[in-house]
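J.: The structure's right below; bear with me while I get my questions together.
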Amino acid sequence: MTETHHTTILVVDDAPDSLRFLTDTLEGEGYGVRIARDGHAALASLAAELPDLVLMDAVMPGIDGFETTRRIKADPALASVPVIFMTGLTETENVLDGLAAGGVDYVKKPIVLAELLARLKVHLGNARIAAGAQSALDSSNRPLLALDGEGRVLWTTPKSAAILDRRFGVAVGGQLPLALAGQLQRLAQGEARVKQDFADGRVEFAAVATKGEERHFRLTETLEGADEKLLAQRHGLTEREAEVLLWISRGKANREISEILGISPRTVNKHLEQIFEKMGIENRASAAAAAVKTLAQ
């Protein structure tokens, strides 16, 4: 087993031959590979789970690689993922466009494998150095934080920092309320979440990993009905359909959605069929991408 077996690369390219070639090559080097055929699918994939690095084709139908990368870098939960552009565009202005969009490097097509693999190793190494909590960040794109055994905040992602400050007045080095800290220390990975209700929404903590003395938690803030109303209005959905679409955009499976909303998985499927028809799309990934785009705007 190679040292790369825990490393996942998201390859974004609209050309089937290119996807096949890169997938075979990267898997042969021991990398895990996910693929996306366009920018919307890439955003949906990132919303479901963060890869370690993205190989991004610059020229694609719909939103191109430059715009897709700008959207990735505009989201604090995704911005740490390095993006390497792949394209036949070779003018200096094209290279500058890629770097300005947030790319860390630029590989010209036709791709020279030795060069690509060398660049991958460099940028993956840099990303790990820059992100001391990479193992936790890999597990989820949701806002994350780490606590010590007494409930002090050791580090946070940008989104979780904003939520902690707004809801609890706590920053890195600060102490969560003792009752909440005690609940979190007793929360085992995979168990029910600890929830804190507020007048205008809810904050939920879910245990995701333990690393040495650190306990890692995913932090989710839900404002009362705001996202659902926006999705319903923008896409002509019912209130329940909008709720299902919201949880789809957050990477939840049908079984999880049925538990959250208190409905059967079969009912979730029926709502999904209506969502696809009303939005004029064909699959779950496209629905998630459209929802992410709507909420981002």
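J.: Looking for whichever is touching a residue at least 24 places away in the same chain (Cβ under 8 Å), on the phi > 0 side of the Ramachandran plot and either buried (at least 18 other Cβ atoms within 10 Å of the Cβ) or touching a His at 6+ places or on another chain (Cβ under 8 Å) (or both) here; the options are Gly32, Gly98, Gly62. Which one fits?
T.: Just a single option satisfies the conditions, and that option is Gly62.
J.: Identify the single condition in (1) surrounded by fewer than 21 Cβ atoms within 10 Å (Cβ to Cβ); (2) without any contact (Cβ under 8 Å) to a residue 60 or more places away in the chain; (3) over 23 Å from Thr156 (Cα atoms) that Thr87 does not satisfy, given that it satisfies every other one.
T.: (1)
J.: For a quick check of your reading of the model, give me the residue pairs whose first member lies in the stretch 209-231 and is in the same structural domain as Arg186 (by TED's automatic domain parsing) and free of Cβ contacts under 8 Å to residues at least 24 places away in the same chain, whose second is aromatic (Phe, Trp, Tyr) and outside any helix (DSSP H, G or I), with beta-carbon atoms closer than 9 Å and at least 6 apart or on different chains.
T.: That search, which allows pairs on different chains as well, returns nothing.
J.: Return the residue satisfying two criteria in turn: it lies in the stretch 235-260 and is of a type outside the set (Lys, Arg) and closer than 13 Å to Thr220 by Cβ, and of such residues it is surrounded by the most Cβ atoms within 10 Å (Cβ to Cβ).
T.: Ser249
J.: Another question, if that's okay. Scan (1) on the phi > 0 side of the Ramachandran plot; (2) part of a strand (DSSP E or B) for the single condition Val11 breaks and write down its number.
T.: (1)
J.: For Lys229, all conditions in the list (1) part of a helix (DSSP H, G or I); (2) at pLDDT below 85; (3) surrounded by fewer than 16 Cβ atoms within 10 Å (Cβ to Cβ) hold save one; what is the number of the exception?
T.: Lys229 satisfies all of (1) part of a helix (DSSP H, G or I); (2) at pLDDT below 85; (3) surrounded by fewer than 16 Cβ atoms within 10 Å (Cβ to Cβ) except (2).
J.: Going through Ala206, Ala192, Ala199, Ala171 one at a time, which residue ends up being outside the structural domain of Ala47 (by TED's automatic domain parsing) and either surrounded by 13 or more Cβ atoms within 10 Å (Cβ to Cβ) or among the charged types (D, E, K, R) (or both)?
T.: Exactly one of Ala206, Ala192, Ala199, Ala171 is outside the structural domain of Ala47 (by TED's automatic domain parsing) and either surrounded by 13 or more Cβ atoms within 10 Å (Cβ to Cβ) or among the charged types (D, E, K, R) (or both), namely Ala206.
J.: Would you confirm whether any residue within the stretch 70-80 is outside any helix (DSSP H, G or I), out of contact with any Lys or Arg (no Cβ under 9 Å at 6 or more places or on another chain), under 24 Å from Leu246 (Cβ atoms) and in contact (Cβ under 8 Å) with a residue 12 or more places away in the chain?
T.: Within the stretch 70-80, none of the residues are outside any helix (DSSP H, G or I), out of contact with any Lys or Arg (no Cβ under 9 Å at 6 or more places or on another chain), under 24 Å from Leu246 (Cβ atoms) and in contact (Cβ under 8 Å) with a residue 12 or more places away in the chain.
J.: Now for a separate question. Out of (1) under 30 Å from Gly102 (Cα atoms); (2) at pLDDT below 85; (3) surrounded by fewer than 17 Cβ atoms within 10 Å (Cβ to Cβ), what's the single condition that is false for Asp165?
T.: (2)
The values are calculated or read from the model by the stated rules, or taken from the named source; none is laboratory data. Only a predicted model underlies this, so the values are computations on that prediction, with no experimental measurement involved. As a convention, Cβ positions derive from the backbone with ideal geometry for all residues, glycine included, and neighbour counts pool all protein chains shown.
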